[in-house]
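This report refers to the structure that appears directly beneath it.
Quick note: the coordinates plus some simple rules give every number you see, no bench work behind them. Since the model is a prediction, treat every value here as computed from it, not as a measurement. Cβ: placed from backbone, ideal geometry, glycine included. Neighbour counts: every protein chain shown.
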Amino acid sequence: MPARRAVILLSGGLDSAPAFAVARAEGFDCYALSFDYGQRHDRELDSARRLAAALAAKEHLVLRLDLRAIGGSALTADIPVPKGRSHEAMGAGIPVTYVPARNTIFLSHALAWAEVLESQDIFIGVNMYDFSGYPDCRAEYIAAFEHMANLATKAGVEGGSRLTIHAPLIRLTKAQIVQRGTELGVDFGLTWSCYEPQPDGRACGACDSCLLRQKGFAEAGLRDPVPTAH
Ligand SMILES: [Zn+2]
């Protein structure tokens, strides 16, 4: 029997690479999906391309979506990225780096591609704990999207095929994600988390995403191979 196909949302960040590695370890043929959505920098997208190659994706599709035309986020509009926030401050509300409905937009495209590939499995690297307070990273959101997806597609309605949204990291801390990825052979040097890369190419070390990443590596007792300014 040929391997089952899975569509993996591959941002290039810290979480999506281990999510991809989990899918691969479960025996799926992995189809990587990334978005050139008008984000502040294309460093993360370069990482996605390198990770797709390193993780042996069957295909890597980079879709262009102009979310900058919608704006409303520090990642897609000229709004400053918060720096040096405490973990408590990060947990206190939804930050300006939230991109309106981003995971719904991304998962909807993954759903369409999965239907064409006759895949019943989509992987996304969201997690509920060490995250930035984004509402579309919660387990109830993933369950609701999965329910919707099975009502939404021809494959679901006529084909009797049951689509599953896998979020294998959802209950892991950043440290556990780093450990899991390391066990599965992820080269974290290829990943990128920083919202504001420095002119010299290093990560800023102060944005929420850098701080969560540093906390993850520190708690896992591992060294982050990505060079950081602080
Ligand atoms: Zn940063």
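With only Cα atoms counted, the chain has Rg and Dmax values of 16.9, 55 Å. Spin-label model, Ile94/Ala77: points 7 Å from Cα along the beta carbon direction are separated by 1.3 nm.
Mean-square fluctuations from a GNM of the chain, with a 10 angstrom spring cutoff on Cα atoms, peak among Pro199, Pro18, Pro82 at Pro199. Could you tell me how far the Cα centroid of segment 91-133 sits from the Cα centroid of segment 3-24, in Å? Cα centres, segment 3-24 to segment 91-133: 12 Å. Annotation: lysines with alpha-carbon distance below 27 angstrom to Lys58 (same-chain offsets under eight excluded): Lys154.
Please give the net charge around Cys207, taking every other residue with its beta carbon less than 9 angstrom from that of Cys207, where Lys and Arg add +1 and Asp and Glu add -1.
Working: positive: Lys83, Arg85; negative: Glu196, Asp208.
Charge balance in the 9 Å sphere: 0.
If R0 is taken as 25 Å, the Cβ-Cβ distance between Ala144 and Leu63 corresponds to a FRET efficiency of 0.65. All other residues whose Cβ lies under 14 angstrom from that of Asp78 are scored, Lys and Arg at +1 and Asp and Glu at -1, for a net of +1.
The rule of thumb for compact globular proteins, 2.2 N^0.38 Å, goes into the C-alpha radius of gyration of segment 1-90 1.28 times.
DSSP beta bridges fully contained in the chain are about 5 percent antiparallel. Bridging of Lys215 to lysines at a Cα separation below 18 Å is possible for Lys83, Lys174, once same-chain residues fewer than 8 apart are set aside.
Sorting Val96, Val157 from the fewest to the most surrounding beta carbons within 10 angstrom yields Val157, Val96.
The equivalent ellipsoid of segment 102-178 has semi-axes of 25, 12, 10 Å, largest first, where each one is the square root of 5 times an eigenvalue of the Cα gyration tensor. For the chain, a crude dipole built from +1 on the beta carbon of Lys and Arg and -1 on the beta carbon of Asp and Glu, taken about the Cα centre, is about 200 debye to the nearest 20.
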